[in-house]
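This report concerns only the one structure given below.
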Amino acid sequence: MKLVFDRPRSMKDKPMHFCPGCSHGIVHRLVAEAIDALGLRERTVAVAPVGCAVFMYEYMDFDVTEAPHGRSPAVATGIKRSRPDLFVFTYQGDGDIGAIGLAEIISAANRGENFSVVFVNNTVYGMTGGQMAPTTLLGQRTTTTPRGREAKTEGHPLKMAELISGLEAPYYVARVAVDSPAHIARARKAILRAFQIQVEEKGFSFVEVLGACPLNWGLSPAEAIKRVQEELIPCYPLEIFKDKEQAVM
Amino acid sequence: MYTDLMVSGFGGQGVLIAGRLLSYAAMRENKHVTFFPAYGPVMRGGEAYCTVVISTRLIGSPVVRNPLTVIVMNLPSLLSLEPRVKPGGLLIVNADLADRSHSRREDIKKIFVPANTIAEGIGSGRVASMVTLGAYIEATGAVTLQNAISCLDKIITEKHREFLHLDEEALNKGAEFVRAGHRLQDTGIR
Amino acid sequence: MIAVGEKVLMRGCEAMAEAAIRAGCRFYAGYPITPQSELAEYMARELPKYGGVFIQSESEIAAINMVLGASVTGTRAMTSSSSPGISLKQEGISYLAACELPAVIANFSRGGPGLGNIAPSDADYFQATKGGGHGDYRNIVLAPYSVQETVELTHLAFDLADRYRNPVLILCSGLIAQMMEPVEFMPFREEKEEKPWALRGARGRPSMVIKSLYLQDVELEGHDLKLQEKYKEIREKEVRVEAQHLEGAKLVVVAFGTAARVAASAVEEVREEGLPVGLIRPITLFPFPTDFIRKAAEGTDRFLVLELSGGQMVEDVELAVRGRVPVEFYGRMGGVVPSPEEYLTEIKKRL
């Protein structure tokens, strides 16, 4: 019989704890597939964030270290610079990367550090129970914006991919989503490309992934996917913002 | 044996170099020595000073409130440091940039050296601090002059190597100035 | 290159940098702050010559986390700063301790609190020895009092950090950073420690995790107990203390770092006058020489604790003495460095 579906070698055989409809499971799998595809498992050291994805190491079958909240890019810098032979990536959430760790991500990107970033943007703080994230949409109700996010007091949604692509050093910056099979296929390609760039020692690569958090959005998984399509994507366009190779071509 | 010295002047007058040379020479003579420079924003104002302590025993503090000996390279340094010299101590003044009329203390020994004039006489005003250091060494015997001269190449950076022979001559001239009639019996060294 | 046994005149913080490289440090990240920026400058110039990595980080927070990252791979790594910068590093130090990662952190402390000033102070004793960051953890804390001892303790710091997989703080006042003294260096050392815990990819072994998150209370308590067990071992094995003239001393002076240096000079003078004064100088502040001081309390009438602070180590001396004899305190703050004469007066007042 032909095998049509299997667990990537880089993942452990373990059920995930994520809520129904959460996007982390899909993104985890895409990451594991890319590492398998490039044969990187045995030289990978990943940096897990503080947030819902902190348990990444429970599901991934490669070396993982934790980092303090927001500091993953600094930790990844230390790992990669001391051992350039290792494959290093950070996996970060919106609060981690866009609020408490903004200085670390901007500085690492600006130095053009040769590691990769997978950033899952679900517009809300998941693990702490649904507070406002820097990426929360205008009007979006969270536990700390009970009347909806207002530009006047909370500012506008932070567009990380655009911000990073505005820097000189980064080699590859893209935003993808995991709301549909077509978008997942594009996300798979983007993550693979980002990792490939690191392997080729070309520098900093960054993939923002729009994801759903049905629990904290107060929506069913199906409704949450609809929200990604109807509200998130219009605010956060899916694009390859920067690819230095394409620019040359 | 214990002695200490503060050297003070404008940045660029060679104050720190003079202090380091003395420290290095003391180290070569197997003495305990500390060199403590002014650092941080104090330096940015153009003032430079350092403290050197030389002893045959463990040096408790490299910071000295009332130094036994002081070299002042300019007038602001004379005004701020003369009051701090220990009674019976020694003050060496660059007479070219600090007029002796500003000096008030009667309970200390003083040597006024026209350091800039002497330095320019041998080729460069930049070695004025070495003239005063030569005077200090001759007056106090804190280290030997020959030793200080032999340490010059350890202190002067590549960039300033061209001044090395001038530095040596400046040390000699400063010492000669004191030998020629300004030698002091008691320099406060204990 | 400086030859082994060659005497050179060097600033304390630059001597520390040279010693760190000789001790096998191959990663430094730091952020400029007076009075120790020369250490970073020395590393920037010298570390790459030995295949090491220097990074000027965007912040103190980033610096300590870069060190954490380097340490994850088993690389000997250090950062350095001065008081306000060390406060910023506390988060990372807590994680290092929790993850049992070795690292060397130098604090050339200055006057505080707040921005304070840049003059020498030793008022970061509490922060250094009682944890500093959150949670139940301890740093090993070494307190050199001369440039030469800074070099020796820097070598020791890297060894202890690796042996116990724990952050080691070198705590000394900014005076040590800026002061030049004659110093000799030890030979270059190739790192020998096997680090089977280091993350270098899951090649030929199961994948590994370095973490400090234990959501189950009993599980975390188990981890905490393991750490406590380690601190107990450190307390038993690593106390370093220097003492002079304790025999028959009516008064025993206790001081560390810069104050100890001034105190040693003062004690030497009073001894020459025939006065019965002894000196205890803790070299490790954690582990603190509690038993040593307790024992000394049996043979003296009084202690005098001298510090460049409002009174911090004095609490540990009191704990050691346990009320057996009076413990008095004299401190200067704000960056004031007392003279030996000033200490002499304080000592004589108490005889």
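Values as computed for the structure displayed
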{"quantity": "In the range A:18-36, residue surrounded by the most Cβ atoms within 10 Å (Cβ to Cβ) [restricted to those that are within 27 Å of C:Trp197 (Cα to Cα) and more than 12 Å from the chain's Cα centre (by Cα)]", "calculated": "A:Ile35"}
{"quantity": "Residue count, the range C:277-335 (criterion: part of a loop (DSSP other than H, G, I, E, B), among the hydrophobic types (A, V, I, L, M, F, W, C) and under 27 Å from C:Asn166 (Cβ atoms))", "calculated": "3"}
{"quantity": "Odd one out for C:Tyr50, checked against (1) over 14 Å from C:Ile210 (Cβ atoms); (2) crowded, with 24+ Cβ neighbours inside 10 Å; (3) in contact with a Lys or Arg (Cβ under 9 Å, 6 or more places away or on another chain); (4) away from chain A (no Cβ under 11 Å)", "calculated": "(2)"}
{"quantity": "Qualifying positions in the range A:29-68 - more than 7 Å from every other protein chain (Cβ to nearest Cβ), in contact with a Gly (Cβ under 7 Å, 6 or more places away or on another chain) and more than 22 Å from A:Gly203 (Cβ to Cβ)", "calculated": "A:Gly51, A:Cys52, A:Ala53"}
{"quantity": "Residue within the range C:294-301 that is within 29 Å of B:Leu58 (Cα to Cα), touching a residue at least 60 places away in the same chain (Cβ under 8 Å) and under 27 Å from the mean Cα position of the chain (by Cα) present", "calculated": "no"}
{"quantity": "One residue from B:Met6, B:Met27, B:Met73, B:Met1 being of a type in the set (A, V, I, L, M, F, W, C) and at the interface with chain C (Cβ under 9 Å from one of its Cβ atoms)", "calculated": "B:Met27"}
{"quantity": "Residue among C:Arg281, C:Arg235, C:Arg200 that is touching a residue at least 12 places away in the same chain (Cβ under 8 Å) and within 14 Å of chain B (Cβ to nearest Cβ)", "calculated": "C:Arg281"}
{"quantity": "Cross-chain or 6+ apart pairs with Cβ under 8 Å, the range B:99-113 first and of a type in the set (A, V, I, L, M), then assigned to a loop (DSSP other than H, G, I, E, B)", "calculated": "B:Ile108/B:Val85; B:Ile108/B:Lys86; B:Ile108/B:Pro87; B:Ile108/B:Gly88; B:Ile108/B:Gly89; B:Ile111/B:His182; B:Ile111/B:Leu184; B:Val113/B:Ala95"}
{"quantity": "Failed item in (1) touching a residue at least 60 places away in the same chain (Cβ under 8 Å); (2) within 8 Å of another protein chain (Cβ to nearest Cβ), with C:Ala62 passing the rest", "calculated": "(1)"}
{"quantity": "Breaking point among (1) under 18 Å from C:Lys89 (Cβ atoms); (2) touching a residue at least 24 places away in the same chain (Cβ under 8 Å); (3) in contact with a strand residue (DSSP E or B) (Cβ under 9 Å, 6 or more places away or on another chain), for C:Ile176", "calculated": "(1)"}
{"quantity": "Residue list for the range C:254-278, restricted to those being more than 11 Å from chain B (Cβ to nearest Cβ), over 19 Å from C:Leu171 (Cβ atoms) and among the aliphatic types (A, V, I, L, M)", "calculated": "C:Val270, C:Leu275, C:Val277"}
{"quantity": "Selection within the range C:29-47 - more than 14 Å from chain A (Cβ to nearest Cβ), touching a helix residue (DSSP H, G or I) at 6+ places or on another chain (Cβ under 7 Å) and not in a helix (DSSP H, G or I)", "calculated": "C:Pro32, C:Ile33, C:Pro35, C:Gln36"}
{"quantity": "Qualifying residue in the range C:171-184 (condition: out of contact with any Gly (no Cβ under 8 Å at 6 or more places or on another chain), away from chain B (no Cβ under 14 Å) and buried (at least 16 other Cβ atoms within 10 Å of the Cβ))", "calculated": "no"}
{"quantity": "Looking only at the range C:67-93, and only at residues there that are assigned to a helix (DSSP H, G or I) and within 7 Å of chain A (Cβ to nearest Cβ), the one that is farthest from A:Phe62 (Cα to Cα)", "calculated": "C:Glu91"}
{"quantity": "Single unsatisfied condition, C:Ala103 versus (1) crowded, with 24+ Cβ neighbours inside 10 Å; (2) out of contact with any Leu (no Cβ under 9 Å at 6 or more places or on another chain)", "calculated": "(2)"}
{"quantity": "Qualifying positions in the range A:118-137 - aliphatic (A, V, I, L, M) and out of contact with any Pro (no Cβ under 7 Å at 6 or more places or on another chain)", "calculated": "A:Val118, A:Val120, A:Val124, A:Met127, A:Met132, A:Ala133"}
{"quantity": "Hey, B:Val85 more than 13 Å from the chain's Cα centre (by Cα), within 21 Å of B:Ala139 (Cα to Cα), modelled with pLDDT of 95 or more and more than 14 Å from chain C (Cβ to nearest Cβ) or not", "calculated": "yes"}
{"quantity": "Enumeration of residues in the range C:214-257 that are touching an Asp or Glu at 6+ places or on another chain (Cβ under 6 Å) and either more than 19 Å from C:Lys130 (Cα to Cα) or not in a helix (DSSP H, G or I) (or both)", "calculated": "C:Lys250"}
{"quantity": "Matching residues in the range C:30-74 - criterion: being of a type in the set (A, V, I, L, M, F, W, C), out of contact with any Phe, Trp or Tyr (no Cβ under 7 Å at 6 or more places or on another chain) and within 23 Å of B:Phe36 (Cβ to Cβ)", "calculated": "C:Ile33, C:Leu39, C:Ala40"}
{"quantity": "Members of the range A:126-154 that are under 22 Å from the mean Cα position of the chain (by Cα) and farther than 14 Å from A:Gly95 by Cα", "calculated": "A:Leu138, A:Gln140"}
{"quantity": "Strands (runs of 3 or more DSSP E) (entirely within the range A:32-145) containing at least 3 residues that are free of Cβ contacts under 8 Å to residues at least 60 places away in the same chain", "calculated": "A:44-48, A:63-66, A:87-93"}
{"quantity": "Pick from the range A:194-203, criterion surrounded by fewer than 19 Cβ atoms within 10 Å (Cβ to Cβ) and assigned to a helix (DSSP H, G or I), ranking: nearest to the chain's Cα centre (by Cα)", "calculated": "A:Gln196"}
{"quantity": "Residue within the range A:53-67 that is surrounded by fewer than 22 Cβ atoms within 10 Å (Cβ to Cβ) and of a type in the set (S, T, N, Q) present", "calculated": "no"}
{"quantity": "So A:Ala67, is it within 28 Å of A:Ser220 (Cα to Cα) and either modelled with pLDDT of 95 or more or touching a Lys or Arg at 6+ places or on another chain (Cβ under 7 Å) (or both)", "calculated": "no"}
{"quantity": "B:Arg65 vs. criteria facing chain C (nearest Cβ under 9 Å) and over 23 Å from C:Ser109 (Cα atoms)", "calculated": "no"}
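Here is a yes/no grid of residues against (1) buried (at least 20 other Cβ atoms within 10 Å of the Cβ); (2) under 26 Å from B:Ala38 (Cα atoms); (3) touching a Cys at 6+ places or on another chain (Cβ under 8 Å); (4) away from every other protein chain (no Cβ under 14 Å):
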{"site": "C:Ile293", "(1), (2), (3), (4)": "yes, no, no, yes"}
{"site": "C:Gly299", "(1), (2), (3), (4)": "no, no, no, yes"}
{"site": "C:Arg302", "(1), (2), (3), (4)": "no, no, no, yes"}
{"site": "C:Gly311", "(1), (2), (3), (4)": "no, no, no, yes"}
{"site": "C:Gly323", "(1), (2), (3), (4)": "no, no, no, yes"}
{"site": "C:Pro326", "(1), (2), (3), (4)": "no, no, no, yes"}
{"site": "C:Val336", "(1), (2), (3), (4)": "no, yes, no, no"}
{"site": "C:Tyr343", "(1), (2), (3), (4)": "yes, yes, no, no"}
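The values are calculated or read from the model by the stated rules, or taken from the named source; none is laboratory data. In this text the structure is predicted, and so the values were computed from the model without any measurement. Here Cβ is always computed from backbone atoms with ideal geometry, including for glycine, and neighbour counts include all displayed protein chains.
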